[in-house]
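So that we are looking at the same thing, I have put the structure below in structure tokens.
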Amino acid sequence: MAYKEKDTKKWTAQWFETNAKGEKKKRRKRGFSTKKEALEYERQKKLNSSRSMDMKLSEFMEVYFEDKQNELKERTMKNKRYMMEQHIIPYFGNQMMSEISASQIIQWQNEMQTKGFSESYLRMIQNQLTSLFTHASRIYDLHTNPCKKVKRMGNSDSRSLDFWTTEEYQQFIQTIEPGTRYYLIFEILFWTGCRIGELLALTPADINFERNQISITKTYYRTERKDVITEPKTKQSVRTIEIPEFLKQEIKQFIEGHYGMPENERLFPIVQEAVQHKMKQNMVKAGVKKIRVHDLRHSHVAYLINKGIEPILIKERLGHKDIRITLNTYGHLYPNQQRRIADLLDNEQEKSPNSGQLSGLKITG
């Protein structure tokens with residue numbers, strides 16, 4: 001129960017928490033100006049301790065991130081929190097988790113769909129709300145999950161991927177001086193399909209010149225003015241990419257041109273925004289359609305598909321977690337596969353010694 005400190009005249013909140021051993025421990029927080037503030041803080045702490053679903057969604061969001069702190073990467077947590085605070089908290093933040101209904105979620109979806117967001121971004125927003133209720137249902141026994149009752153908005157299957165053909169890429173890369181930092185950056189991105197964060201984390205030690213291979217074991221990003229090197233997006237993202245001879249030679253000449261570069265120093269000590277800025281400048285010079293840096297990854301896949309490479313090999317090269325991700329993302333770039341199957345069956349039928357007898361068969365049943 002909250003009480004007032006005699007010396008400071010401030011209010012102190014106190015409550016009990018049960019630790020992992022089942023022991024009850026008294027907790028306090030001092031410095032509240034009013035009794036009301038202290039009591040409200042006590043209420044939140046008690047709810048967090050019991051994980052009662054008679055808790056505001058905004059309060060449960062903090063429980064969710066506390067539970068996920070060792071599971072999600074820092075950047076993922078930051079992105080998820082941003083989307084929740086921007087698109088979910090303003091609508092459901094003050095409502096109790098146990099009281100949010102499916103009909104309210106439909107109304108929320110309808111409003112979200114008027115804001116001009118892309119289908120893929122709408123799906124990402126939906127996924128954040130779904131993740132909260134899924135966690136509440138699985139871990140804290142929320143009686144009813146309203147997200148299960150409604151159709152998810154948006155579509156994660158992006159049918160309008162932007163990418164360059166090899167001709168467009170060659171037109172672009174000719175505007176950059178061979179052997180320079182940015183020339184090599186775009187060469188690696190286009191001919192390997194690696195992610196920009198994976199590329200910016202590369203060091204000379206990651207290049208095997210004898211086997212023509214690049215090892216992807218980490219990723220780079222910058223947050224709050226700090227450079228961060230961490231594990232890749234998923235376990236499957238840790239992979240070895242086979243590279244062509246010409247790309248190996250370009251990498252080798254670049255490293256040799258930076259005499260004495262330490263084995264564990266980043267090949268490209270710049271940030272993603274710098275790469276995007278350079279790309280924008282030279283797209284204008286080249287007169288090619290505008291795409292993002294990440295679309296060079298799509299361009300690599302489109303090139304491989306055009307050359308007849310099977311989806312399972314593309315999955316391994318890109319480091320996708322599941323073949324379904326590859327197919328959902330790029331499956332529509334295989335427009336002639338059904339026709340190929342039909343043609344294959346026609347060819348097999350023509351080879352059959354009984355092919356001419358089919359028309360004379362009488363089918364009974």
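The values are calculated or read from the model by the stated rules, or taken from the named source; none is laboratory data. Predicted, not measured: the structure shown is a model, and the values here were computed from it. Quick reminder, even Gly has a Cβ in these numbers, built from the backbone with ideal geometry, and neighbours come from all protein chains shown. Note: accessible area is taken over every heavy atom of the protein model, side chains too, but ligands, DNA and RNA are not part of it. Shrake-Rupley method; radii C 1.70, N 1.55, O 1.52, S 1.80 Å.
Considering only residues that are within 12 Å of Gln128 (Cα to Cα) and touching a His at 6+ places or on another chain (Cβ under 8 Å), which ones fall in the stretch 61-94?
Selection gives Tyr64 alone.
Let me ask another. Just the residues that are open to solvent by 40 Å² or more (accessible area, probe 1.4 Å) and under 16 Å from Gln272 (Cβ atoms), please, taken from the stretch 196-224.
Hits for the stretch 196-224 are Lys218, Arg222, Glu224.
Within the set of pairs 6 or more residues apart or between chains, which connect a residue that is open to solvent by 70 Å² or more (accessible area, probe 1.4 Å) inside the stretch 262-291 to a residue that is assigned to a helix (DSSP H, G or I) with Cβ atoms less than 6 Å apart?
The qualifying pairs are Glu263/Pro204; Glu263/Ala205; Asn264/Ala205; Lys290/Met283.
Take the conditions modelled with pLDDT under 90 and of a type outside the set (Asp, Glu) and apply them to Lys80. Does it pass?
no
Still on this structure: Across the stretch 240-260, which residue is least open to solvent (accessible area, probe 1.4 Å) among those that are charged (D, E, K, R) and touching a residue at least 24 places away in the same chain (Cβ under 8 Å)?
Ranking the qualifying residues of the stretch 240-260, first place goes to Lys248.
Test Leu304 against the stated conditions and say whether it is outside any strand (DSSP E or B), modelled with pLDDT of 95 or more and surrounded by 15 or more Cβ atoms within 10 Å (Cβ to Cβ).
When the stated conditions are applied, Leu304 does not pass them.
Just the residues that are closer than 30 Å to Thr219 by Cα and open to solvent by 70 Å² or more (accessible area, probe 1.4 Å), please, taken from the stretch 54-80.
Across the stretch 54-80, the qualifying residues are Glu62, Glu66, Gln69, Asn70, Glu71, Glu74, Arg75, Lys78, Asn79.
Given (1) closer than 22 Å to Ile214 by Cα; (2) open to solvent by 30 Å² or more (accessible area, probe 1.4 Å); (3) of a type in the set (Val, Ile, Thr), identify the lone condition not met by Thr144.
Among (1) closer than 22 Å to Ile214 by Cα; (2) open to solvent by 30 Å² or more (accessible area, probe 1.4 Å); (3) of a type in the set (Val, Ile, Thr), Thr144 violates only (1).
Is it the case that some residue within the stretch 169-182 is open to solvent by less than 60 Å² (accessible area, probe 1.4 Å) and touching a Lys or Arg at 6+ places or on another chain (Cβ under 7 Å)?
Checked the stretch 169-182: at least one residue is open to solvent by less than 60 Å² (accessible area, probe 1.4 Å) and touching a Lys or Arg at 6+ places or on another chain (Cβ under 7 Å).
Take Ile291 and decide whether it is of a type in the set (A, V, I, L, M), touching a helix residue (DSSP H, G or I) at 6+ places or on another chain (Cβ under 8 Å) and not in a helix (DSSP H, G or I).
Criteria met by Ile291.
So, one more: In the stretch 94-111, which residues are touching a residue at least 24 places away in the same chain (Cβ under 8 Å), open to solvent by less than 30 Å² (accessible area, probe 1.4 Å) and in a helix (DSSP H, G or I)? Can you show your working first?
To start, the set of residues in the stretch 94-111 that are touching a residue at least 24 places away in the same chain (Cβ under 8 Å) comprises 94-98, 100-102, 104-106, 109.
Next, from what is left, pick out any that are open to solvent by less than 30 Å² (accessible area, probe 1.4 Å): 97, 100, 102, 105, 109.
If the condition is that a residue be touching a residue at least 24 places away in the same chain (Cβ under 8 Å), open to solvent by less than 30 Å² (accessible area, probe 1.4 Å) and in a helix (DSSP H, G or I), then Met97, Ala102, Ile105, Gln109 are the ones that fit.
From the set of residues in the stretch 69-93 that are assigned to a helix (DSSP H, G or I) and in contact (Cβ under 8 Å) with a residue 60 or more places away in the chain, which is nearest to Asn110 (Cα to Cα)?
Here the residue is Lys78.
Oh, and also: Being among the charged types (D, E, K, R) and part of a helix (DSSP H, G or I) is the filter; apply it to the stretch 112-155 and report the residue that is nearest to the chain's Cα centre (by Cα).
Of the residues in the stretch 112-155, the ones among the charged types (D, E, K, R) are 115, 119, 123, 138, 141, 148-149, 151-152.
This time we only want the ones that are part of a helix (DSSP H, G or I), so: 119, 123, 138, 148-149.
Numbers: Glu119: 15, Arg123: 12, Arg138: 23, Lys148: 23, Lys149: 25 Å.
Residue satisfying both the conditions and the ranking: Arg123.
Taking only pairs six or more apart or across chains, which ones have beta-carbon atoms under 9 Å, a first residue in the stretch 28-45 that is in contact (Cβ under 8 Å) with a residue 40 or more places away in the chain, and a second residue that is surrounded by fewer than 14 Cβ atoms within 10 Å (Cβ to Cβ)?
Listed pairs, sorted by first residue: Glu42/Met1.
For Thr175, are the conditions met, namely being farther than 19 Å from Ile314 by Cβ, without any contact (Cβ under 8 Å) to a residue 24 or more places away in the chain and among the hydroxyl-bearing types (Ser, Thr, Tyr)?
No: the conditions fail for Thr175.
Here's a follow-up. Test Leu247 against the stated conditions and say whether it is in contact with a helix residue (DSSP H, G or I) (Cβ under 8 Å, 6 or more places away or on another chain), at pLDDT 95 or above and part of a loop (DSSP other than H, G, I, E, B).
Judged against the criteria, Leu247 is not a match.
So which residues in the stretch 179-224 are within 17 Å of His258 (Cβ to Cβ), outside any helix (DSSP H, G or I), more than 21 Å from the chain's Cα centre (by Cα) and touching a residue at least 24 places away in the same chain (Cβ under 8 Å)?
Gly179, Thr203, Ile207, Phe209
While we're on this one: Do the conditions hold for His294, that is, is it under 22 Å from Glu242 (Cα atoms), open to solvent by less than 10 Å² (accessible area, probe 1.4 Å), under 23 Å from the mean Cα position of the chain (by Cα) and in contact (Cβ under 8 Å) with a residue 24 or more places away in the chain?
Spelling it out, it is not the case that His294 is under 22 Å from Glu242 (Cα atoms), open to solvent by less than 10 Å² (accessible area, probe 1.4 Å), under 23 Å from the mean Cα position of the chain (by Cα) and in contact (Cβ under 8 Å) with a residue 24 or more places away in the chain.
Continuing with this model, one more query. Anything in the stretch 225-237 that is under 15 Å from the mean Cα position of the chain (by Cα) and not in a strand (DSSP E or B)? List them, or say none.
The initial filter retains those residues of the stretch 225-237 that are under 15 Å from the mean Cα position of the chain (by Cα), namely 230-237.
Result: Glu231, Pro232, Lys233, Thr234, Lys235, Gln236, Ser237.
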